[in-house]
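Enquirer: One structure coming up, written as structure tokens, with questions to follow.
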Amino acid sequence: MSLRIHVLACCFGLGSWVAVNGLWVELPLIVNTLPEGWELPSYLTVIIQFANLGPLLVTLMHKLCPGRLKERAAIYCVLSIGVLACILLAFSWDETTVVAAASRSTAFFILTFFLALVDCTSSVTFLPFMMQLPAHYITTYFIGEGLSGFIPGLVALGQGVGMAKCVNATQSSGNLTEEDMYIVQTQFLPPNFSTEVFFFFLAAMMCISLAAFSALNRLPRTFELSTENLVPDTDTVASVCSGLDNHGAVTEGENSNPKCHSEESGQDRPQLAKSGHSVFQLTFIYFMVVWVNGATNGLLTSVQTYSCMPYGNLAYHLSAALASCANPVACIVAMFFPKRSLVLLGVLCLIGSVFGGYNMAMATMSPCPLLQGSALGEAIIVLSWVFFTGILSYVKVMVGVIFRDESHSALVWCGAAAQTGSLLGSAIMFPLVNVYNLFQSGDFCNTKCPL
């Protein structure tokens, strides 16, 4: 029975963020087809921020109408929407409509919003349900949640990316065939399997999560909720790694059990009084939270196409897939090598920001960045994105651990700061990319860069 529950908890966690993570690693193939092109990631960052309405509504329901929201029904609804949205994406992801005299990926945007809504809402519904099981199963759930980013990255690596080649095409100037002229066009070869198959894979992952939840929901209720130590100290890093990017998860955990909240609220004040960090140190930590989340969830992700695509489809493909794998790997490293030194975290934040600065610099130089057309340039941009994501993910986890030791409310404010940073990053970059056109796209065959 114990092994079965561990497997079910892990499979249940797979459905938490697999859809959004899958979208990001599939972008290297999608941007070559949809009309938004290289601007597509900047749209996705804003759509994902709007999807945080889901956890906000759930939290308000618990605040204003305690006991009215049926948690299990909400999870069934969330996972069913995720399955349906993935299936619809497989059939209509490349459908476009004309909006304001321009072709837009309306179907893709709408379905992406629902997928993001599912994943964001999972943060405030899945974990409270898991808290009804003994604490050691929660660690397994977090492992599954980490795999929700790792597995799509591995599948995307196996999918490969369509290599680009230059072909001659004829452009007719009307009926006068003698005036026909030849032009060079970029043609993308197909990957190992199509984007439609990848979206069906995401739907299958969501179905596995739904089936696992259904099985967990049918388990005999022989467990009792422990309000004293719901997540043991050994699972601190795992719990923070899950909830730091989505402060709604922490907020919901605070609201889902009023008795637990009333007991902990009385403990928060003494913990804050005994805090080992000064006001300056806490300000520095909160600044790191805002900056790191703003950079990883808004500033840099909005322009990843501009920093990678000039080096070719393969460079963008490897950057997206390996960076998706780097996040859960960083959480695992934080489990075994937790370092809470503010000096070390500050240095790591600076190093990660240097890699981010290089990525941003290459984006601003698009379509002619440094070392374009060389294997060295491709390797550097891929490694830069992997180290940028991995190092700052480690910083996010360890900062969350520090705040968890401060108090429960400090961790909630940490989540609020993380969401603020993500929102600011997305809001800053969207007009720079789509309104002011500060970043320029290119064409593999027709872009001429100075030597």
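Enquirer: For Thr139, which of the numbered conditions (1) at pLDDT below 90; (2) open to solvent by 80 Å² or more (accessible area, probe 1.4 Å); (3) part of a helix (DSSP H, G or I) fails to hold?
Expert: (2)
Enquirer: When you go through (1) among the small types (Gly, Ala, Ser); (2) at pLDDT below 90; (3) buried (at least 21 other Cβ atoms within 10 Å of the Cβ) one by one for Gly144, which number turns out not to apply?
Expert: Of everything listed in (1) among the small types (Gly, Ala, Ser); (2) at pLDDT below 90; (3) buried (at least 21 other Cβ atoms within 10 Å of the Cβ), Gly144 misses just condition (2).
Enquirer: In the stretch 77-110, what count of residues is obtained for those that are assigned to a helix (DSSP H, G or I) and over 22 Å from Phe201 (Cβ atoms)?
Expert: 2
Enquirer: Which condition number in (1) farther than 25 Å from Ile151 by Cβ; (2) open to solvent by less than 50 Å² (accessible area, probe 1.4 Å); (3) not in a loop (DSSP other than H, G, I, E, B) is the one that Ser366 fails?
Expert: Here Ser366 clears every test but (3).
Enquirer: Any residue in the stretch 174-201 that is exposed (fewer than 15 other Cβ atoms within 10 Å of the Cβ) sitting within a Cβ distance under 8 Å of a residue that is at pLDDT 85 or above and in a loop (DSSP other than H, G, I, E, B)? List the pairs, counting only those 6 or more apart or interchain.
Expert: Asn192/Gly160; Glu196/Trp93
Per-residue answers, yes or no, for (1) without any contact (Cβ under 8 Å) to a residue 12 or more places away in the chain; (2) surrounded by 23 or more Cβ atoms within 10 Å (Cβ to Cβ); (3) hydrophobic (A, V, I, L, M, F, W, C); (4) farther than 24 Å from Val435 by Cα:
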site: Ala51; (1), (2), (3), (4): no, no, yes, no
site: Pro55; (1), (2), (3), (4): no, yes, no, yes
site: Ser92; (1), (2), (3), (4): no, no, no, yes
site: Thr106; (1), (2), (3), (4): yes, no, no, no
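Enquirer: Just to be sure, is Val397 touching a Cys at 6+ places or on another chain (Cβ under 9 Å) and open to solvent by less than 20 Å² (accessible area, probe 1.4 Å)?
Expert: yes
Enquirer: Can you find, within the stretch 15-33, the residue that is farthest from Ala321 (Cα to Cα) among those that are touching a Ser or Thr at 6+ places or on another chain (Cβ under 6 Å) and either of a type in the set (Lys, Arg) or open to solvent by 10 Å² or more (accessible area, probe 1.4 Å) (or both)?
Expert: That would be Trp17.
Enquirer: Within the stretch 321-360, restricting attention to residues that are free of Cβ contacts under 8 Å to residues at least 24 places away in the same chain and under 22 Å from Leu299 (Cβ atoms), which residue is least open to solvent (accessible area, probe 1.4 Å)?
Expert: Gly357
Enquirer: Hey, among Gly243, Gly294, which residue is more than 28 Å from Leu189 (Cα to Cα) and at pLDDT 90 or above?
Expert: Gly294
Enquirer: Checking Leu60 against (1) under 25 Å from Asn297 (Cα atoms); (2) in contact (Cβ under 8 Å) with a residue 24 or more places away in the chain; (3) surrounded by fewer than 20 Cβ atoms within 10 Å (Cβ to Cβ), which test does it fail?
Expert: So Leu60 meets the others, but not (2).
Enquirer: Right, something else. Report, ordered by the first and then the second residue, all pairs with beta carbons closer than 6 Å, sequence separation of six or more or different chains, a first member in the stretch 157-168 that is of a type in the set (A, V, I, L, M), and a second member that is buried (at least 17 other Cβ atoms within 10 Å of the Cβ) and in a loop (DSSP other than H, G, I, E, B).
Expert: Taking only residues 6 or more apart or on different chains, the pairs are Val161/Pro191; Ala164/Phe444.
Enquirer: So, Gly425, is that one open to solvent by less than 60 Å² (accessible area, probe 1.4 Å), within 20 Å of the chain's Cα centre (by Cα) and over 17 Å from Leu40 (Cα atoms) or not?
Expert: Here the answer is no, as Gly425 does not meet what is asked.
Enquirer: If you don't mind, another one. Output the residue which, of all residues in the stretch 40-69 that are in a loop (DSSP other than H, G, I, E, B) and touching a helix residue (DSSP H, G or I) at 6+ places or on another chain (Cβ under 9 Å), is modelled with the highest pLDDT.
Expert: Ala51
Enquirer: Please indicate, with yes or no, whether at least one residue in the stretch 387-394 is of a type in the set (A, V, I, L, M, F, W, C), surrounded by fewer than 21 Cβ atoms within 10 Å (Cβ to Cβ) and in a helix (DSSP H, G or I).
Expert: Yes, the conditions are met somewhere in the stretch 387-394.
Enquirer: Next question, about the same structure. Going residue by residue through the stretch 56-73, is there one that turns out to be closer than 23 Å to Ile143 by Cβ and not aromatic (Phe, Trp, Tyr)?
Expert: Yes.
Enquirer: What do you reckon, is Cys445 open to solvent by less than 30 Å² (accessible area, probe 1.4 Å) and part of a loop (DSSP other than H, G, I, E, B)?
Expert: Yes: the conditions hold for Cys445.
The values are calculated or read from the model by the stated rules, or taken from the named source; none is laboratory data. The structure presented is a predicted model; accordingly, all values stated were derived computationally and were not measured. Neighbour counts are summed over all protein chains in view; Cβ atoms, including those assigned to glycine, are modelled from backbone coordinates with ideal geometry. Heads up: the accessible areas ignore ligands, DNA and RNA and are worked out on the full protein's heavy atoms, side chains in. Shrake-Rupley method; radii C 1.70, N 1.55, O 1.52, S 1.80 Å.
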